[in-house]
Each structure stands twice: as C-alpha cells, then as structure tokens.
Amino acid sequence: MPNPRSAQRRAAATAALLAVAALPGCRIVADDPTTSEPPPEVAAGPGGQVSVGDPYTPGDGNGGYDVQHYKLTLNITPGAAKELDATAEITAKATERMNRFDLDLTGLDVSAVTVDGAPARNVRDGSELVISPAKPLEKGATFVTTVKYSGTPRAVRDPVLGTYGWVRTSDGVFVACQPSGAHTWFPSNDHPSDKATFEFVITVPEGLTALANGEPTTPVTSSGGGTPGLPQQPGGEPTPPGDGPGVVPAGFRRGPTTTTWKVTDPMQTYLATVDVGRFQVRTGKTPGGIPVITAVDPTVPSADLSAFHALNAAVTDEWSKRFGPYPFTSTGGIIDNASVGFALETQTRPVYGSFELQQSIVAHELAHQWFGDSVGLTRWQDIWLNEGFATYAEWMWNEKAGGPTVQRQFENVYGAVGASELWDVPPGNPGRTRMFDRSVYDRGAATLHALRLKIGDEAFFRLLRTWAQDHRHGSATTAQFTATAEKISGKDLDGFFKSWLYERGRPKLS
Ligand SMILES: [Zn+2]
C-alpha cells in the first residue's frame with residue numbers, strides 16, 4: 001500500500017519505540033467493488049433501503065433498522081478449508097415498518113436465517129443478504145436476526161491501496177476492516193453511522209490465543225513461544241509465572257479454547273477485530289488506572305511486550321489529560337505477524353502489522369480512541385475528523401518525546417508549497433479514491449494547527465475536549481465541528497474552514 005507520508009514520518013519520528021522504519025497508521029483502502037450494485041426488489045411491500053447511500057462506500061449499510069447488539073459466535077480454524085463456522089445474533093430496532101430488510105455480507109455460505117426464532121426467507125444478491133421475515137416488522141419493534149454461516153473469508157484486495165479485512169498470517173488471522181471489510185466476516189449493517197455493542201465468543205484450536213475488542217470474561221491464555229507453564233519473552237528471558245493479572249501460562253489448557261470478549265460501549269462495524277495466533281499477552285492498569293491488555297506475536301522480531309505495554313499505558317494516560325477522560329473500558333494494542341504495512345485503531349485495542357513500530361504510530365492509533373472511535377463518523381467524507389486529529393496527536397507526541405515541536409511539524413507541511421497532493425485535495429471532501437490520501441492526514445492536521453494559531457491555545461484545547469465530550473460514543477459531522485469551534489472561540493470561522501477543508505490551493509495564514 002502506498003505511503004505518501006513515509007519520508008515525513010521518518011524525519012519527524014525521533015522517538016522510535018524499537019526502530020526507525022516508517023509505515024502508515026490506519027491508512028486503509030477503498031471499497032469492495034462487488035458491493036456497488038443494489039439488488040432488485042425481492043418481496044412485495046415495504047422494505048428497508050439496500051444502502052445508506054454513502055457515495056464513499058456505495059452499497060454499504062442499509063436502511064430501515066438500527067442495530068443495537070451483535071453477538072458473534074465464531075469457530076475459527078486458521079488454514080482449514082473452511083476457516084470460519086459462525087452464528088451471528090443481531091439485535092436491532094425497526095425504524096419503519098418492513099416486510100424485508102438487508103444485511104451486508106460478502107462471500108461465505110448462509111445455511112439458515114431466523115427472525116425472532118422463526119425461519120426467514122433469505123436470498124443473496126451481491127453483497128446483500130436480503131431477509132424476509134415470516135411476519136412484517138412493525139416500526140419501533142426490537143427484533144433478533146440469527147444467521148448461521150460458514151466459509152473462509154477473503155481479504156479485500158484493493159488494486160491501488162492494498163489488502164485489508166480478514167488477513168491470514170502464518171499462525172492465524174489478523175482482522176482490520178476500514179472501511180468496508182467487516183461484512184466479509186460477519187453479516188452487518190456495515191456503515192459507521194450505525195454503532196452497536198458487541199460480544200465475541202471465539203473458539204480456536206489448542207495452542208492458539210483469540211483476541212478481540214473489549215475485555216475477556218475469563219483469563220486469556222498466552223501461547224507465544226514459551227515452554228508450557230513458563231512463557232518466554234521475545235528476547236528469550238523466561239517470564240515469571242503470573243505474567244500479570246489474568247494471564248494463564250501456555251499449556252494450561254488442552255483442546256480447543258473458547259474465549260468470550262465483550263464490548264459494552266457502542267462500536268462501528270469497521271472497528272471490530274478478532275486476532276488469532278500465538279501471542280504473549282499482558283494485562284494490567286495504566287498509572288492513571290485504566291485497564292490495559294496488550295499482546296504481541298513473539299515471531300515479530302522488533303516487538304517487545306514490556307515496552308509496548310508501557311507505551312500504551314503512557315500514551316493512554318497522556319491523551320486522557322489532553323483530550324478528556326478515556327472513553328472506553330480498556331486500552332491496549334496487538335502486534336501480529338501480519339504482512340500489512342498499516343495499523344488500525346480497532347476500538348479499545350488497535351492492531352499493528354509486523355512492521356517496526358514507532359511511538360508516534362501508537363500515539364496516533366490511541367488518539368483515535370477519542371477521535372474516530374468514540375466520536376465516530378456519520379459519513380466517510382468527514383474522515384479528516386479521524387485522521388487529521390490523530391495526525392495532530394502524533395505531532396504532539398513527537399514534541400513531548402523531545403522531537404520537533406508541533407509548530408515545526410506544521411511548518412514542514414505548510415512549507416511544502418508545491419505539494420499538489422496536499423493543496424489540490426481538499427481534506428473535507430477528498431473524494432472516494434483519495435479518502436486515505438496524505439491531504440486527509442497532513443493537511444487535516446495542519447488545519448487544526450492553523451485553527452490553534454487563530455483562536456489560541458486555551459480555546460483550542462477546550463474545543464478538543466468539548467468535541468470529545470459532546471459526541472462521546474456518538475456519530476458526528478464536520479459541520480458540527482466547525483459550529484463548536486465558532487461557539488467556543490466566538491469567532492466567525494466560515495472562511496477559514498472553507499479554505500482549509502473545501503478549497504483547492506494552499507490556504508493563507510491570517
Ligand atoms: Zn489514523
């Protein structure tokens with residue numbers, strides 16, 4: 001996947017965790033082309049819309065209902081002919097009277113669908129699973145759809161930007177789904193505007209560990225590279241028994257292992273992850289008291305569980321001071337031996353491929369817990385609200401770690417006078433094919449710094465905290481952000497935001 005920010009990251013990142021190579025943070029790719037055609041009508045009478053109509057991800061999402069909760073029971077056998085044997089129980093509320101509705105689902109075989117326990121007619125149409133319940137659903141009714149399905153999910157392979165979604169590793173799977181990958185492994189209303197709580201019940205073969213978002217209901221089993229009962233650190237140092245609270249040494253159990261993970265705060269579908277393989281796991285709390293769960297695949301040469309765990313704790317506490325209370329029930333991260341050049345801010349626990357990790361990338365992904373995850377998107381066009389903010393947090397972390405100041409990093413971007421990838425792409429409306437381009441990240445961050453220069457530090461940081469608080473666990477838009485900025489600063493910022501977010505050309509500083 002192209003990484004236009006490599007050179008800039010290399011220059012800026014003076015505080016490498018373990019090495020200095022540069023790779024993107026949560027720089028993900030475009031839509032699955034098979035999702036672009038809406039299916040024909042399949043039943044008479046009213047039905048939910050087949051898409052939410054987001055032009056950045058055509059076909060994704062559906063209308064007519066609002067999902068409350070996904071319970072996903074996943075039997076995962078990495079490398080088997082059929083890697084996934086699963087049941088999805090989806091609790092939703094009808095927002096209109098419906099004779100039928102759609103879920104998004106690409107590939108996989110559906111063997112049975114019920115609605116409120118009664119068998120329901122279902123047909124596949126491209127990336128839509130069209131369901132006709134035995135009885136119409138009344139507006140306002142809460143209903144449970146159960147889908148039994150199986151198969152091997154296929155990674156989304158974008159010709160321009162790369163591979164994401166359900167990505168096989170040598171010992172398991174790595175799952176990172178922005179923007180359109182969730183419905184390659186579970187039936188869903190796959191659009192960020194419909195958040196829901198989640199429960200994952202994951203069964204994996206003996207010797208493997210299953211990780212996900214949220215917290216496990218039983219202790220997680222470390223499985224990476226240790227002798228039974230005595231897990232090894234990647235460097236070969238034996239870890240004392242009791243590798244932190246809640247960690248059971250490898251070899252403690254025999255046979256397939258089932259782990260349940262619960263996500264009690266609402267989450268966007270693209271932020272759901274399951275990660276299966278051999279991992280060393282550490283649990284604990286940040287100095288500020290937030291539960292932390294980190295895991296590393298010990299075959300990633302540069303990964304150090306102790307350093308990674310401590311960094312996640314330090315960054316989470318730092319952003320809690322700057323952005324307001326941490327929005328979720330735990331924090332952490334997962335480093336896997338996945339051959340992907342990106343990380344993704346999967347809720348409560350970002351996932352990282354096997355590249356050599358910099359501190360600033362962890363700072364970026366954890367800033368997304370406030371900006372992107374808790375304050376979610378209403379439409380993909382506003383993706384700069386995620387990436388501009390997380391990039392700005394990188395600048396703040398670099399400054400705190402003794403690297404270049406935020407002002408200097410802003411000047412590096414603003415001084416790139418001839419950079420058409422910055423000034424010809426308006427970050428507030430980049431277009432579907434450029435939604436993860438450099439402008440969204442760097443001009444987005446520069447927009448925030450230019451705003452800080454215009455309204456002053458006090459108003460700027462109050463704005464960030466107010467933004468995180470006002471839309472905590474919600475979905476927001478750029479128009480709401482600019483209105484909040486005007487309210488807090490008392491300034492008319494229409495012209496400012498127009499030139500920085502929506503116009504071609506390098507904005508003037510005033
Ligand atoms: Zn990001």
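The numbers here are math on the coordinates, done by the rules we state, and not lab data. Note that this is a predicted model, so its numbers are computed, not measured. Quick reminder, even Gly has a Cβ in these numbers, built from the backbone with ideal geometry, and neighbours come from all protein chains shown.
Computed about the Cα centre, the dipole magnitude for the stretch 380-502 is approximately 180 debye when only Lys and Arg (+1) and Asp and Glu (-1) carry charge, each at its Cβ. Between the listed residues Gly428, Leu385, Ala485, the Cα displaced farthest toward the positive end of the dipole of the stretch 380-502, a dipole computed from Cβ unit charges relative to the Cα centre, is found at Ala485. In the neighborhood of Ala134, defined by Cβ-to-Cβ distances under 9 Å, what is the net charge if each Lys or Arg adds +1 and each Asp or Glu adds -1? Charge balance near Ala134 sits at +1. In this structure the amide hydrogen of Ile293, modeled in the peptide plane, comes within under 5 Å of the amide hydrogens of Thr331, Gly332, Gly333, none closer than 5 places in sequence on its chain.
Between Lys285 and Ala483, full extension at 0.36 nm per residue minus the direct alpha carbon distance yields a gain of 67.6 nm. Count Lys and Arg as plus one, Asp and Glu as minus one, and take only other residues whose Cβ is under 13 Å from that of Thr273; the net charge is then -4. A Förster radius of 60 Å combined with the Cβ-Cβ distance from Asp494 to Val123 puts the calculated FRET efficiency at roughly 0.80.
Annotation: amide H-H contacts under 5 Å for Val50 (H modelled 1.01 Å from N, sequence separation of 5 or more, or interchain): Gly63.
For the residue pairs Lys195/Lys454; Lys321/Lys400; Lys71/Lys148; Lys148/Lys262; Lys93/Lys262; Lys400/Lys491, the C-alpha atoms sit more than 23 angstrom apart in Lys195/Lys454; Lys400/Lys491. For the stretch 264-270, the Karplus equation 6.51 cos²θ - 1.76 cosθ + 1.60, evaluated at θ = phi - 60°, returns couplings of 8, 9, x, 9, 6, 4, 5 Hz by residue, with Gly and Pro reported as x.
With the simple model of a label 7 Å out from the Cα in the direction of the Cβ, Thr466 to Leu509 spans 2.5 nm.
Each 5 Å bin from zero up to the one holding the largest Cα-Cα distance in the stretch 380-502 carries the following percent of pairs: 2, 11, 21, 25, 22, 14, 5, 0.
Classify the stretch 266-337 from the C-alpha gyration tensor, please: rounded if a/c falls under 1.5, else prolate or oblate depending on whether a/b exceeds b/c. Oblate, because a/c is 1.5 or more while a/b does not exceed b/c.
Simple rule: put +1 on each Lys or Arg Cβ and -1 on each Asp or Glu Cβ in the stretch 380-502, find the dipole, and look at Thr405, Ala468, Leu448; the Cα lying farthest toward the positive end is Ala468. Converting phi to 3J(HN,Hα) with the Karplus coefficients 6.51, -1.76 and 1.60 and the offset θ = phi - 60°, the stretch 399-405 yields 5, 4, 7, x, x, x, 5 Hz in sequence order, with x at every glycine or proline. Per-residue Karplus couplings for the stretch 384-397, computed as 6.51 cos²θ - 1.76 cosθ + 1.60 with θ equal to phi - 60°, are listed in order as 4, 4, 7, 6, x, 5, 5, 5, 4, 5, 4, 4, 5, 5 Hz, Gly and Pro entered as x.
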